[in-house]
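The structure appears below as structure tokens.
The values are calculated or read from the model by the stated rules, or taken from the named source; none is laboratory data. Note that this is a predicted model, so its numbers are computed, not measured. Cβ: placed from backbone, ideal geometry, glycine included. Neighbour counts: every protein chain shown. Surface accessibility is based on the protein's heavy atoms, side chains included, excluding ligands, DNA and RNA. Shrake-Rupley method; radii C 1.70, N 1.55, O 1.52, S 1.80 Å.
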Amino acid sequence: MRDRPVLTASQINDELLWPVFELRRRHVLAFLPPFILVMAGAVAVTILIWQGLWVTGLNRPAFWGFFIVNFVFWIGVSHAGTMISSILRLTQAEWKRPITRAAEVMTVFALVTSLIHPVIHAGRPWRIVYWLLPYDFTRGVWPDVRSPLVWDPVAITTYLTGSILFVFTALIPDFAIIRDQSTGMRRTIYGALAMGWRGTPRQWQLQGIFGILMSALILPVFVSVHSIVSWDFAASVVPAWHVTVYAPYFVIGAVHSGVSMVLTLMAFMRWIFKLENFIWEDHFDAVGRLLIFIATAWLFFFFLDFAFSFYTREEQEIAVMERRLLEWPFNAITIIMVMTSYVIPIPLWLNRKVRRNIALMFWTSILVNIGMWLERFFLIIPAIERKQELTFLWANYVPSLTESVIVLASFGMVAMLLIIFAKLVPLVPAWEQKEGQVFRSEVQIGEVTVPAIVRESEEPRAW
């Protein structure tokens, strides 16, 4: 990876903190489309609650549709953010610095977005907590603790709590930088968030230790969460669902979609917030090489899912698989999914020039997420439509306009939350960039090593 330009602390602050202190036209233009989508989604949810679930395409036996497809998709996207950040922090990879925070924040916002879908899917969202938590001491009505549907909120809440702590700890030094450059109410708010941070050696030591500990602790949680989501399917008796391969299959699919979303976010950040001095072609190259391995592992589990069904020779299993491959529109969905998730991007990513072309990496990452969303549809809908043995109990699921608007609004919600967050805190950690400059800009004076950035900085204690 080639050297980046040496910037002073003041230059880093100016280039990374301008979205916090200024409101420019590009910021507003980036905010408006997702905001419109979210407002449209709010209207669709209001109509759904007012009118009832009949405005969706859900029917018997296809009670799971777009809402659950989108729930699984966003849970998957959330996984890669913390995974990338944790692994890169544990391995002390230098190139992690510009992308870790955006990946971690994407985890939190994707998790929050995913949690909305089961609530909407329940039809009566004000009652979901009542039936989920075991607190009814009067009637003796208790949730079945053996059900994955009870494990889900426990695992996801644990993951969300850990991710928020992970993000907040890394934000404290930047809160202090903004505090030191602010006045009035803003200084008071960021001073409270900075929690008395002064950049002392002990504070840096504790912050570093906590980051390493959280990185190590959150990795097994990341694996367990999507495994539990897969058990929502695998613990059932629906044909083509009750297979042991679903846990690793879901995890690798989550990583594939999540890392691709990180790639999309990197290109988006670089363009909107003018981060050319921090997010380089080298970062896209590194993530592209990682995606080649991940996509190949996903393709292996994709074919393994078919192998499990055909090996058992169960009639219902084979019927579902044949439906996925031969029946319209699932055959078209399967072709598009494989083409966008593997066949098109992988040959491109094998070329180093493509991996360093930011526009091409952006559009191929979009293709992958289209394919991975279709993969969730491919896994859920064909099986649940034919889960009954008697043919007169079969039905076809056709999504409604209400569901489609809510799905699009979920993408707008994640984008909108990221843009709002970028207005409050820099998406690239200023303190990590300064730390990286120290490692690259050391000047030898006799036997003492003096970081150039410290000598040039006007505020050495802030970082």
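Return yes or no: is Leu263 out of contact with any Ser or Thr (no Cβ under 6 Å at 6 or more places or on another chain), at pLDDT 85 or above, farther than 21 Å from Arg324 by Cα and of a type outside the set (Asp, Glu)? Against the criterion (out of contact with any Ser or Thr (no Cβ under 6 Å at 6 or more places or on another chain), at pLDDT 85 or above, farther than 21 Å from Arg324 by Cα and of a type outside the set (Asp, Glu)), Leu263 does not qualify. Within region 71-121, restricting attention to residues that are of a type in the set (Phe, Trp, Tyr) and surrounded by 19 or more Cβ atoms within 10 Å (Cβ to Cβ), the residue that is nearest to Thr46 (Cα to Cα) is Phe71.
Among the residues of region 348-391, those that are under 14 Å from Arg60 (Cα atoms) and open to solvent by less than 60 Å² (accessible area, probe 1.4 Å) comprise Ile381, Pro382, Ala383, Ile384, Glu385, Arg386. Please work out if Phe300 is modelled with pLDDT under 85, open to solvent by 10 Å² or more (accessible area, probe 1.4 Å), in a helix (DSSP H, G or I) and over 20 Å from Ala359 (Cβ atoms). In short, no.
Would you be able to tell me the number of residues in region 269-297 that are in contact (Cβ under 8 Å) with a residue 40 or more places away in the chain, more than 20 Å from Leu350 (Cβ to Cβ) and not basic (Lys, Arg)? Result for region 269-297: 8. Only one entry in Ile380, Ile419 is farther than 30 Å from Ala240 by Cα, touching a Phe, Trp or Tyr at 6+ places or on another chain (Cβ under 7 Å) and at pLDDT 70 or above, namely Ile419. Residues of region 304-325 include at least one that is open to solvent by less than 10 Å² (accessible area, probe 1.4 Å) and among the basic types (Lys, Arg). If I filter region 226-248 for residues that are at pLDDT 85 or above and open to solvent by 80 Å² or more (accessible area, probe 1.4 Å), do I get at least one hit? Yes: one or more hits. Report, by residue number, each residue of region 257-272 that is farther than 24 Å from Gly76 by Cα and either aliphatic (A, V, I, L, M) or crowded, with 24+ Cβ neighbours inside 10 Å (or both). The answer is Ile272, and nothing else.
Count of region 169-223 residues, restricted to those that are of a type in the set (Ser, Thr, Tyr), open to solvent by 50 Å² or more (accessible area, probe 1.4 Å) and assigned to a helix (DSSP H, G or I), is 1.
Yes/no per residue for (1) farther than 26 Å from Val112 by Cβ; (2) part of a helix (DSSP H, G or I); (3) open to solvent by 50 Å² or more (accessible area, probe 1.4 Å):
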site	(1), (2), (3)
Ile12	yes, yes, no
Trp18	yes, yes, no
Ala30	no, yes, no
Pro33	no, yes, yes
Val45	no, yes, no
Gly57	no, no, no
Ala62	yes, no, no
Ile68	no, yes, no
